[in-house]
Each structure stands twice: as structure tokens, then as C-alpha cells.
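Peer 1: The following block contains the structure, expressed as C-alpha cells.
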Amino acid sequence: MANYKKPRFKDAAFKRFLSVVLGTLLLVSLLVVSLGTNATPGSSGLDEGLSESVVNIQSFREKLNLPKENDFSIRLEKQNRLPPRNIDLYPRLAKDHITIVLYVHNRPQYLRVVVNSLSKVVGISETLLIVSHDGYFEEMNKIVEGIKFCRLKQIFAPYSPHVFTDSFPGVSSKDCQEKDEAGKKHCVGNPDQYGNHRSPNIVSLKHHWWWMMNTVWDGLKETRGHDGHILFIEEDHFIYPNAYRNLQLLVSLKPNKCPDCYAANLAPCDVNLRGEGWNRLVAERMGNVGYAFNRTVWRKIHGKAKEFCFFDDYNWDITMWATVYPSFGSPVYTLRGPRTSAVHFGKCGLHQGQGKINACIDNGSVNIQVDDIDKVANIRPEWDVKVYQNQPGYKAGFKGWGGWGDNRDHRLCLNFAQMYH
């Protein structure tokens, strides 16, 4: 009997031991799954196998104290997670493609011109076009939905002042207006350096650009793993047929021709110029028409979020020229060709030009001359580089035009920088 019971005791002990091990393994597995499910979209190596549906976006909002979303903004965020359009027409992107981001406001007259020019760009069918909307406007949306010449993705700024009609970031009934004194008027807001309170339509320009940059580089599934160059254009930039091929050449030549250049540009930094027309490349201060840079440069820009978000100027480009670029410690050059491949058009800016009467375009159209040389790549690898130094323009020391003094705008801007990290 003793010889029989002893093995039964060992067998029972082994079963208890085995159950403990299996229970421990099950607990560890659940813990790993839980950690993986709560990883942020920007987490290196963790997000690639996760569908966006498992990302707990709401927890991010609570931690960042972003404005409470309304039903409309929530719907826009859901739209942002939809896959690109026209995948059936363009199932594969070129291996060396340069993603194009077109950011728009509410100027349909302008947008039609830009979309028409893009449709004639050589190589446009090889790449992804992302259209970033500052809020939602039906006419703008219809124009974009009609694009069939390339793979297309639309994103909408869910925290645009145009989406919030009665609360921040839009207009609230308690907001201070113009030069109100908060103490006397019992209103909410901080004035800029000139004593003026925020205008939602104005600050939305800077908010949209910064939200778009953070979303494209670090938030979107389609681009957050992209390390190469991304081209950024606006709704008042006419794009020449050779723009994409010229940009590919500039990007490939930049490491050897201008290793200190941060970017490549399709147009001169002076928007009134069309280029020198000589047989040389040009290195100059970075412009705001058709500019492209890579993730390394984006990381430097993102690292200057505080400088960007606290500089009292509602213009994103002036903010970059006056405070962000100077903080890099060396001149920020861009490489371009001697003939422009993009043109800034229109007679007014901001959010004007929405209606047919005030379209800011003569006769409702533009008359930009496109010569045969502008229809094919016109940059040569053997050309040397002319460097422009000490060019005029906004520099360190400029105090800003104001319009960006409200602490709420500063916090929202900083939150955009942290959304995906």
C-alpha cells in the first residue's frame, strides 16, 4: 500500500504545481495584451500590429485636457480613420513616392484651381495625396471627393474653431472681445502684446497647420512610419506639371549638393519671383510655397513646440522664421531649382474668398503661363549650387504681429504636440 500511495502523492503535487504555472502564464498573457492594447499610436514598434479601433483615444484626451468634443468633431475624427480613397484605381504606390499634403481652409474658388493643376502633374498617380481640412465645409468637401487622379485621403481638424460654434476653440459668450479688459468686463481671455483678444478665425490658421503636421507625421497610419520627404502645399498654390519630378530630383541631389539644406522647395522664398532661369541650383532661406522635408527635420521642429506655441503671431510661417528656425543654431537653407514649379496666386488670404462675389480671383480664374519647359523635369544633376546668404525677411528678434496671446490657444497648441506621444 505504501508503494502505491507515494506515487499518488507525487502526482497530486505535480498537478497542483502545473495548475499554478498555467495560471501564472495566463495572468502574464492577459497583462501583455492589456499593455499592448493601451499603447499610443506613436509608440515605436508597438502600434504596427494594432488596428486603430483598439487605441484608446479618449484616455489621451482626458490626460491632455483637450476641449470636450461635440458630436460633429467626434464624427470628423472617425472620418480621419477611414482608409484612403481610390485604392482600387491605384492599388500600389511607387516605392520612392513623396507623399503630398494639401491643406485647405474655405476658399472653393482657389481649391478648384489647385486641384485642376494637380491633375496635370506628371507622376501624381504614383503617390498619396492627403487633403487636410480646417474644419468641414460642404463645397470644399465635394471638390475633394471628386478627385480621381491619385490615391486620396481626407483628414479634418476636429478641434477647429469652425467646428465649435459656442465654446472654445470657437467663440464663447464669455470671451473677451477686441480690447476688452477682463477684470472690468468679467470676460475670459488673455490679450496679445498689442492688447487685442483672440479671433477664432485668425488663430485657426496656426492651429490647423500645427495639428496637421503632428497628425501627418505621428498620427496617421499611412504616414507615421514614413521617414522620407513629404511635400506640403496650400489651396492657393498653383502646381506646375513638372513639380513632382523636379522635387524627386531635388530630394535625391540634396545630400550631396547641399548637405546642410533642411528642405527642398518648388518655388523661391520671395513669392513674387519666378526664378533666375540660369543653369544652377539655388540654396536659400526656406520658403512657404511647396516645401518638403523629412522626419529628421520634423523631429527638430517638434522639439521646438514651446517656441512655436508661445510666440505671439497667428501666422505659422512667420512663427517658424522668427523663432523656430533661429533656435536651430545654424541657417535653415532649402534647395530649389532656377525655375519655379509652383506659384502663389490670389489677391487675399486668411479665410476670405469663400463667396462668388469676393472670390479673390480675377474673373473667377487664374492666368498662369505654363511653358513647355514647365511640363518636364528641368533640373540637371551636374549643376552647381548658388547660395543666397543674409536674405531679407522675418528673423530672430521680430516680436510677432500678435493675435496669439490667449493662454488657451497656447495650451491647445502644446496638446497637439503631445497627442501621439
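The values are calculated or read from the model by the stated rules, or taken from the named source; none is laboratory data. None of the values given here were measured: they were computed from a predicted structure. Reconstructed Cβ throughout: ideal geometry from the backbone, glycine too, with neighbour counts over all protein chains shown. When the accessible area is computed, the model is the full protein with side chains, heavy atoms only, and any ligands, DNA or RNA have been set aside. Shrake-Rupley method; radii C 1.70, N 1.55, O 1.52, S 1.80 Å.
Peer 1: Among the listed residues ARG339, ARG299, identify the single one that is more than 23 Å from the chain's Cα centre (by Cα), open to solvent by 40 Å² or more (accessible area, probe 1.4 Å) and modelled with pLDDT of 95 or more.
Peer 2: It is ARG339.
Peer 1: Against the definition (open to solvent by less than 20 Å² (accessible area, probe 1.4 Å), in contact (Cβ under 8 Å) with a residue 60 or more places away in the chain and closer than 27 Å to THR127 by Cα), how does TYR240 come out, yes or no?
Peer 2: Answer is yes for this residue.
Peer 1: Same structure, new question: Whether any residue in segment 149-172 is among the basic types (Lys, Arg) and free of Cβ contacts under 8 Å to residues at least 60 places away in the same chain is what I want to check.
Peer 2: No: segment 149-172 contains no residue that is among the basic types (Lys, Arg) and free of Cβ contacts under 8 Å to residues at least 60 places away in the same chain.
Peer 1: Out of all the residues in segment 332-348, which are touching an Asp or Glu at 6+ places or on another chain (Cβ under 8 Å) and in contact (Cβ under 8 Å) with a residue 24 or more places away in the chain?
Peer 2: Of everything in segment 332-348, those that are touching an Asp or Glu at 6+ places or on another chain (Cβ under 8 Å) and in contact (Cβ under 8 Å) with a residue 24 or more places away in the chain turn out to be TYR333, THR334, ARG336, PRO338, ARG339, SER341, HIS344, PHE345, GLY346.
So that you can scan it fast, the table gives a plain yes or no per residue for (1) within 30 Å of PRO83 (Cβ to Cβ); (2) modelled with pLDDT under 95; (3) touching a Ser or Thr at 6+ places or on another chain (Cβ under 7 Å):
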site: LEU152; (1), (2), (3): yes, no, no
site: SER172; (1), (2), (3): no, yes, no
site: TYR194; (1), (2), (3): no, no, no
site: TRP211; (1), (2), (3): yes, no, no
site: VAL216; (1), (2), (3): yes, no, yes
site: GLY225; (1), (2), (3): yes, yes, no
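Peer 1: Just checking, which of ASP192, ASP218 is under 22 Å from PHE156 (Cα atoms), touching a residue at least 40 places away in the same chain (Cβ under 8 Å) and charged (D, E, K, R)?
Peer 2: So the residue among ASP192, ASP218 that is under 22 Å from PHE156 (Cα atoms), touching a residue at least 40 places away in the same chain (Cβ under 8 Å) and charged (D, E, K, R) is ASP218.
Peer 1: Looking only at segment 203-257, which residues are of a type in the set (A, V, I, L, M, F, W, C), assigned to a helix (DSSP H, G or I) and over 14 Å from the mean Cα position of the chain (by Cα)?
Peer 2: If the condition is that a residue be of a type in the set (A, V, I, L, M, F, W, C), assigned to a helix (DSSP H, G or I) and over 14 Å from the mean Cα position of the chain (by Cα), then VAL203, ALA243, LEU247, LEU249, LEU250, VAL251, LEU253 are the ones that fit.
Peer 1: Only one residue in PHE398, PHE416 is touching a residue at least 60 places away in the same chain (Cβ under 8 Å) and either part of a loop (DSSP other than H, G, I, E, B) or within 27 Å of VAL343 (Cα to Cα) (or both). Which one?
Peer 2: Testing whether each residue is touching a residue at least 60 places away in the same chain (Cβ under 8 Å) and either part of a loop (DSSP other than H, G, I, E, B) or within 27 Å of VAL343 (Cα to Cα) (or both) leaves just PHE398.
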